[in-house]
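Down below is the structure, laid out as structure tokens.
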Amino acid sequence: MKPGKEIVICSSASFYKQVVEVEQELKEMGYKVVIPLTAGKMKRSGDFRVETYKTWFKDPSNYARKMFLTKHHFNKIAKGDAVLVLNYKKNGIEGYIGGAVLCEIALALHLKKKIYILNPIDKSCSYAEEILGMLPIILEGDLSHIKNDGRRNRTKKIGK
């Protein structure tokens, strides 16, 4: 994908500190970058503790906030040129992709957006088949592969 295009980053909230780092790296590569609203809030406050922001676990009435955040990010995906999924190790799972990010990937597929996934998907992921069936471009941990659309890495690997 050529520089100047807009990449929307998707990830677990646990990775939002990395989201901010990757945002800067992609900007330096010449891309426009959109990050989740909460990642932006964490960046401004310096507080990357997920429990500070996921208030709906303690107060279910706050699920309306989660719905707002989900719809807002869906709208950003619709306007962007591609999504980049940041999937690192979480809960002992390499290349973790949670349910919300799975929904974002499916939306990107439906809207005919390019789908990049930073790291291979762990074979223990119960929906690895669904993710791979959306033909994402697996970047093997190397953001520079975005420039050539990761041609060598299209869904060829599942993680360990």
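The values are calculated or read from the model by the stated rules, or taken from the named source; none is laboratory data. Nothing here was measured: the structure is a model prediction, and the numbers come from that model. Cβ: placed from backbone, ideal geometry, glycine included. Neighbour counts: every protein chain shown.
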Fill in the blank from the handout: Considering residues that are in a strand (DSSP E or B) and charged (D, E, K, R), the number found within the range 58-92 is 1
Problem - Near pairs, Cβ below 6 angstrom, 6+ apart or cross-chain, from the range 11-23 (under 21 Å from A108 (Cβ atoms)) to any residue that is crowded, with 19+ Cβ neighbours inside 10 Å and among the polar types (S, T, N, Q) - result: V19/S11
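Condition check ((1) loosely packed, with under 11 Cβ neighbours inside 10 Å; (2) over 21 Å from I7 (Cα atoms); (3) in contact with a Pro (Cβ under 9 Å, 6 or more places away or on another chain); (4) of a type in the set (G, A, S)) across all residues:
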| residue | (1), (2), (3), (4) |
| --- | --- |
| V22 | no, no, no, no |
| G30 | no, no, yes, yes |
| P36 | no, no, no, no |
| K43 | no, no, no, no |
| E51 | yes, yes, no, no |
| A64 | yes, yes, no, yes |
| F68 | no, no, no, no |
Exercise for the section: Kindly indicate whether any position in the range 11-26 is out of contact with any helix residue (DSSP H, G or I) (no Cβ under 6 Å at 6 or more places or on another chain) and assigned to a loop (DSSP other than H, G, I, E, B). Expected result: yes
Practice task
Kindly establish whether V101 is modelled with pLDDT of 95 or more, surrounded by fewer than 23 Cβ atoms within 10 Å (Cβ to Cβ) and under 10 Å from the mean Cα position of the chain (by Cα).
Solution key: yes
Practice task
List every residue pair whose Cβ atoms sit under 8 Å apart, with the two residues 6 or more apart in sequence or on different chains, where the first one lies in the range 72-86 and is more than 11 Å from L107 (Cα to Cα) and the second, anywhere, is of a type in the set (S, T, N, Q) and assigned to a strand (DSSP E or B).
Solution key: V85/S11; L86/S11
Practice task
Looking only at the range 140-156, decide whether some residue is modelled with pLDDT of 95 or more, farther than 20 Å from K32 by Cα, out of contact with any Lys or Arg (no Cβ under 8 Å at 6 or more places or on another chain) and surrounded by 19 or more Cβ atoms within 10 Å (Cβ to Cβ).
Solution key: no
Practice task
Might you let me know whether the range 119-133 holds any residue that is surrounded by fewer than 14 Cβ atoms within 10 Å (Cβ to Cβ), part of a helix (DSSP H, G or I) and polar (S, T, N, Q)?
Solution key: no
Completion exercise
The residue from G4, G30 that alone is assigned to a loop (DSSP other than H, G, I, E, B) and at pLDDT 95 or above is G30
